[in-house]
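Below is one structure, written out as C-alpha cells, with a few remarks after it.
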Amino acid sequence: MKKVSIKDIARELNISITTVSFVINGKSEEMGISSNTANKVHDLINKMGYNPNSAARMLRTGKSKTIGLIVEDISNYFFGKIAKVIEIEANKNGYNVFFSSTENNDNTARELISKMKKSSVDGYIITPTVGIKDEIFKLKKENVPFVLLDRFIQDVETNYVVVDNYNGAYDLTKHLLGNGFSKIGYISIFSEMTQMKDRERGFSSALADAGIEIKDNEILKVNFEDLYENLLKSIQEFLKLNPQLDALFFATNYLGVAGIEAIQQAELKIGEDIAVVCFDDNDIFRLLNPSITVSAQPIREIAIQSIDLLLKAINNLEAQKQVEGKILQPTVIQRNSSIAKNRN
C-alpha cells in the first residue's frame, strides 16, 4: 500500500501543501486558516492514515504534537469519559495523547512524569497524587506547560480545572435533608486529596447547618487500594452496625457501585428502606431501578477547559506565564433513590 503523503492530503482537498503543513504543525490560527479548513485537514488525515514523521516535525517546529494525560485510574467512569473527550479535542488540534494511570501512587506518578518528559511531550494534564508537590514545582520552574485536573496542590500556583466539591456535596446533603432524611451515613476513602476533603466538609457543613450532630460511627472510610470484595464486606458491616440510618452518601461513584451491591445483599430496598445518593454520576446509576440520585460533574466541560488551557499554554509563551484556575459547578440530579419520605 502506497504511503500517504502531505501532497495527497493537499490534492484531495484542493488546497496548498503549505496550508496542510500549517494545520499539521498547529499554526492554522496563527496563519489565518479557517477552522473549517483545519477540521477538514484533520478529518482527512485520520481517514487516509497520514502519519508525519514525528522526529522530522519536532526538528522543524520544536514540538512533538503529543500531550501526556496522567489520571488516577483510566478505567474509572469519570476519568475514562474525560480522557475520551480530551483525546477528541486534542486530535482536532493535531495532537496525540499518551494515557497513563497512577492508581493514586506517588512513585508511579513521578515515574510517569519522567517517562513522558523523556518522550518529549509538549505538555501535561495531570491528576496529581498528594506526594508529587516537588515534581509539580519542578515542571513549573522548567516552564513546562501543564494543567492540574480534578484537584490542585495547595500552595502551588498552577493552571487547574476542578469542580466545586464542597458545594456539590453540600447541595446533595441538603437534598437528602429536604426530603426528610436526617440519619445519613457517609462513605468515603482515607485521603488527604483536596477534592475528597472538600466533599466531606460539604457534607458535614450541611448537617451542622441543619443542627444535626455528626457521629463518628456513622462515617465509614476505606482504603483506596482495597479490593472490591473488601469494599463490599466493609459496607455490609457498616450497615449491620448502623440499622438506624435512613440514607447513605457515597463520596465516589465506584464506592456507590459497591454500596448498591452491599445494600442488595443486606436485603434492603433502595428508595424504601434506605435512600442513596452519590457524588459523581455513572451510566449504571441511570439504568438501575430505582435510579440513583447524584451530584453530577460536568465531564465534557472539565475536559474541554483542561485541553484548551493546556494548548493555550503550549502555543503562547505569555499565556504560559499566566496562571488560570477554573472551578466548575456540579449539578444535583434527583432520581428515585432519594424520593421524599412523605411521598412513600
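Place a label point 7 angstrom from the Cα of Val156 along the Cα-to-Cβ direction, then list the residues of segment 68-98 whose backbone nitrogen is under 19 Å away.
68-73, by backbone N distance to the label point.
Once Rh for segment 123-179 is found with the Kirkwood sum over Cα pairs, what is the Stokes-Einstein diffusion coefficient at 20 °C and 1.002 mPa s, in µm²/s?
Working: Rh = 13.0 Å.
For these conditions, the coefficient is 165 µm²/s.
With N denoting the number of residues in the chain, provide Rg(C-alpha) divided by 2.2 N^0.38 Å, to two decimal places. Kindly include the intermediate steps, with their values, before the conclusion.
Numbers: Rg = 23.5 Å, N = 344, 2.2 N^0.38 = 20.2 Å.
Normalised by 2.2 N^0.38 Å, the Cα Rg of the chain equals 1.16.
What does the charge dipole of segment 67-200 about its Cα centre add up to, to the nearest 20 debye, if the Cβ of each Lys and Arg holds +1 and the Cβ of each Asp and Glu holds -1? Mind dumping the intermediate values first?
Details: 16 positive and 19 negative charges, 28 e Å.
Here the size comes out at about 140 debye.
When the chain is fully extended, how far beyond the present Cα-Cα distance does Gln265 get from Ile74, taking 0.36 nm per residue of separation?
Details: separation 191, 0.36 × 191 = 68.76 nm, distance 2.85 nm.
Stretched out fully, the Gln265 to Ile74 stretch lengthens by 65.9 nm.
What Kirkwood radius, in Å to one decimal, follows from the Cα pairs of segment 132-264?
Details: mean 1/r = 0.0610 Å⁻¹.
About 16.4 Å for segment 132-264.
Net charge near Ile45: determine it from the other residues with C-beta under 12 Å of the C-beta of Ile45, scoring Lys and Arg +1 and Asp and Glu -1. The partial results should precede the final answer.
Values: positive: Lys40, Lys47, Lys65, Lys92; negative: Asp8, Glu12, Asp43.
For residues surrounding Ile45, the net value is +1.
Quick one: Karplus J couplings for segment 247-262, per residue in order, coefficients 6.51, -1.76, 1.60, θ = phi - 60°, nearest Hz, x for Gly and Pro?
Whole-Hz 3J(HN,Hα) from phi for segment 247-262: 7, 10, 10, 9, 7, 9, 6, 6, 5, x, 4, 5, x, 4, 5, 5.
How much of the DSSP bridge set in the chain is antiparallel, in percent, rounded to the nearest 5?
Working: 3 of 38 bridges.
The antiparallel fraction comes to roughly 10 percent.
Of Ile132, Ile212, Ile15, which has the largest mean-square fluctuation in a 10 Å C-alpha GNM of the chain?
Comparing Ile132, Ile212, Ile15 in a Gaussian network model of the chain, the most mobile one is Ile15.
Where is the GNM fluctuation largest for the chain (alpha-carbon springs, 10 angstrom cutoff): Ile82, Ile214, Ile187?
Between Ile82, Ile214, Ile187, it is Ile214 that shows the largest mean-square fluctuation.
How large a share of the accessible area of the chain, in percent, is made up of carbon and sulfur atoms when the probe is 1.4 Å and the other protein chains stay in place? Spell out each step's value before the answer.
Numbers: 7970 of 17010 Å².
Of all accessible area on the chain, carbon and sulfur atoms account for 47 percent.
Kindly write out, for segment 110-126 in residue order, the coupling ³J(HN,Hα) from the Karplus curve 6.51 cos²θ - 1.76 cosθ + 1.60 (θ = phi - 60°), rounded to whole Hz, with x marking Gly and Pro.
Working through the residues one at a time gives 4, 4, 5, 4, 5, 5, 5, 5, 5, 7, 6, 5, 7, x, 10, 10, 10 Hz.
Under 18 Å Cα to Cα from Lys141, which aspartates and glutamates show up? Leave out anything in the same chain fewer than 8 places away.
Asp122, Asp155, Glu157, Glu318, Glu324
Write down the radius of gyration of segment 8-149 and its Dmax, each obtained from C-alpha positions, in Å.
Both quantities, over Cα of segment 8-149: 16.8, 52 Å.
Quick one: divide the alpha-carbon radius of gyration of segment 219-259 by 2.2 N^0.38 Å and tell me what you get. Mind showing how you got there, number by number?
Numbers: Rg = 9.9 Å, N = 41, 2.2 N^0.38 = 9.0 Å.
Relative to the 2.2 N^0.38 Å estimate, segment 219-259 comes out at 1.10.
Cα convex hull of segment 208-344: mean projected area in nm², to one decimal?
On the way: hull surface 45.2 nm².
Taking the Cα atoms of segment 208-344, their convex hull projects to 11.3 nm² on average.
Hey, got the dipole for the chain? About the Cα centre, +1 on K and R Cβ, -1 on D and E Cβ, debye to the nearest 20? Numbers along the way, then the final one.
Values: 41 positive and 44 negative charges, 322 e Å.
The dipole of the chain has a size of about 1540 debye.
Given H placed 1.01 Å from N in the peptide plane, which residues other than close sequence neighbours of Asn159 have an amide H under 5 Å from its amide H?
Under 5 Å from the amide H of Asn159: Leu148, Glu324.
Here is the link list: Lys174/Lys312; Lys47/Lys117; Lys133/Lys326; Lys81/Lys341; Lys140/Lys221. Which ones come out longer than 27 Å on Cα distance?
Working: Lys174/Lys312 38 Å; Lys47/Lys117 30 Å; Lys133/Lys326 20 Å; Lys81/Lys341 34 Å; Lys140/Lys221 34 Å.
Over 27 Å Cα-Cα: Lys174/Lys312; Lys47/Lys117; Lys81/Lys341; Lys140/Lys221.
With charges only on Cβ, +1 for K and R and -1 for D and E, what is the dipole size of segment 210-277 about its Cα centre, in debye, rounded to 20?
On the way: 5 positive and 12 negative charges, 7 e Å.
Here segment 210-277 has a charge dipole of around 40 debye.
Quick one: the Cα spread of segment 236-297 along its three principal axes, in angstroms, biggest first?
Sorted largest first, the three principal extents are 31, 21, 16 Å.
How many Å² of accessible area per residue for the chain, probe 1.4 Å? Please list the in-between numbers first.
Numbers: 17010 Å² over 344 residues.
Each residue of the chain exposes 49 Å² on average to a 1.4 Å probe.
For segment 168-178, in order, what is each residue's ³J(HN,Hα) by Karplus, 6.51 cos²θ - 1.76 cosθ + 1.60 with θ = phi - 60°, in whole Hz (x at glycine and Pro)?
Once rounded to whole Hz, the list reads x, 6, 4, 5, 5, 5, 4, 4, 4, 4, x.
Can you tell which of Ser234, Leu255, Leu288 lies farthest toward the positive end of the dipole of segment 199-344, using +1 and -1 charges on the Cβ of basic and acidic side chains (Lys, Arg; Asp, Glu)?
It is Leu288.
Sequence neighbours fewer than 8 away in the same chain don't count; with that in mind, list the aspartates and glutamates whose C-alpha is under 12 Å from Lys197.
Asp164
List the residues, sorted by chain then number, that are 5 or more residues from Thr66 or on another chain and whose placed amide H is less than 5 Å from its amide H.
Excluding prolines and chain starts, which carry no amide H, the hits are Asn96, Asp122.
Quick check of the Kirkwood formula: for segment 193-244, what is the inverse mean of 1/r over all pairs of different Cα atoms, in Å?
Working: mean 1/r = 0.0785 Å⁻¹.
Over segment 193-244, the inverse of the mean reciprocal pair distance is 12.7 Å.
The values are calculated or read from the model by the stated rules, or taken from the named source; none is laboratory data. Computed from a predicted structure; not experimentally measured. Note that we place each Cβ from the backbone using ideal geometry, even for glycine, and neighbour counts take in every protein chain shown. Ligands, DNA and RNA are stripped out before the accessible areas are found, and what is left, the full protein with its side chains, is counted by its heavy atoms. Shrake-Rupley method; radii C 1.70, N 1.55, O 1.52, S 1.80 Å.
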